[in-house]
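Novice: First the structure, which I've put down as structure tokens, then a few questions once you've had a look.
Quick note: the coordinates plus some simple rules give every number you see, no bench work behind them. In this text the structure is predicted, and so the values were computed from the model without any measurement. All Cβ positions, glycine included, derive from the backbone under ideal geometry; neighbour counts span all protein chains shown.
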Amino acid sequence: MIVLVLLGATLVFRLLGVLGVSRFATWRVSAAHGLAVMLVMTASAHFVPAGVTFMPHHADMVAMVPPFVPFPALMVYLTGVLELAGAVGLVLEGTRRAAGICLALLFVLLLPANVYAALAGQDVTPLWQRVPEQVLYIGIALWAARTRTQSTVNSFG
């Protein structure tokens, strides 16, 4: 579901680029904005109680935190704030590189929580699906972090 939000938003932004909205003239920038849309959606789960969203809610997120991580509720709030900050950073050209790099690092650091939740039998995305999704998010974040000069080497820029 979350991957579909990412892909759908990216396609909508790229279509806007094709229709003349210069901000979305490249796949890279469209994907950065698509990732930002996805992050706003996923970050909402960090702050809402049960019944407010169809996605996992705050208590579900706390349950995903491995036992070795201190202050799980606080960490869930913190990662939600980091996701929102990353989303803002991705849509601003001046901060896109730093945001992409920081988000890639965040996605790597969040992977143990996803693995723990899947192995602990929680009702989450299956591990065989979640790990490739996480790799996709890391890849898009790093792609978004590329500078315009680095992007001109290929046509997907």
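Novice: So which residues in the stretch 38-50 are part of a helix (DSSP H, G or I) and crowded, with 20+ Cβ neighbours inside 10 Å, if there are any at all?
Specialist: Met38, Leu39, Thr42
Novice: Among the listed residues Val76, Val62, identify the single one that is of a type in the set (Val, Ile, Thr), over 17 Å from the mean Cα position of the chain (by Cα) and more than 16 Å from Ala31 (Cα to Cα).
Specialist: Val62 is the lone residue from the list that is of a type in the set (Val, Ile, Thr), over 17 Å from the mean Cα position of the chain (by Cα) and more than 16 Å from Ala31 (Cα to Cα).
Novice: Does Gly139 satisfy the condition of being without any contact (Cβ under 8 Å) to a residue 40 or more places away in the chain, of a type outside the set (D, E, K, R), more than 24 Å from Asp60 (Cβ to Cβ) and in a helix (DSSP H, G or I)?
Specialist: Yes; evaluated as a whole, the condition is true for this residue.
Novice: Follow-up. Residue by residue through the stretch 55-106, note down the ones that are of a type in the set (Ser, Thr, Tyr) and buried (at least 18 other Cβ atoms within 10 Å of the Cβ).
Specialist: Matches in the stretch 55-106: Thr79 only.
Novice: Given the criteria within 28 Å of Leu11 (Cβ to Cβ), touching a residue at least 40 places away in the same chain (Cβ under 8 Å) and either surrounded by fewer than 19 Cβ atoms within 10 Å (Cβ to Cβ) or more than 13 Å from the chain's Cα centre (by Cα) (or both), does Arg28 qualify?
Specialist: Judged against the criteria, Arg28 is a match.
Novice: Scan the stretch 1-25 residue by residue and report those that are among the hydroxyl-bearing types (Ser, Thr, Tyr) and surrounded by 21 or more Cβ atoms within 10 Å (Cβ to Cβ).
Specialist: Thr10
Novice: In the stretch 107-148, which residues are surrounded by 14 or more Cβ atoms within 10 Å (Cβ to Cβ) and of a type in the set (Gly, Ala, Ser)?
Specialist: Ala113, Ala117, Ala118, Ala141, Ala144, Ala145
Novice: Do we find that Val88 is out of contact with any His (no Cβ under 9 Å at 6 or more places or on another chain) and in a helix (DSSP H, G or I) in this structure?
Specialist: So Val88 fits the description; yes.
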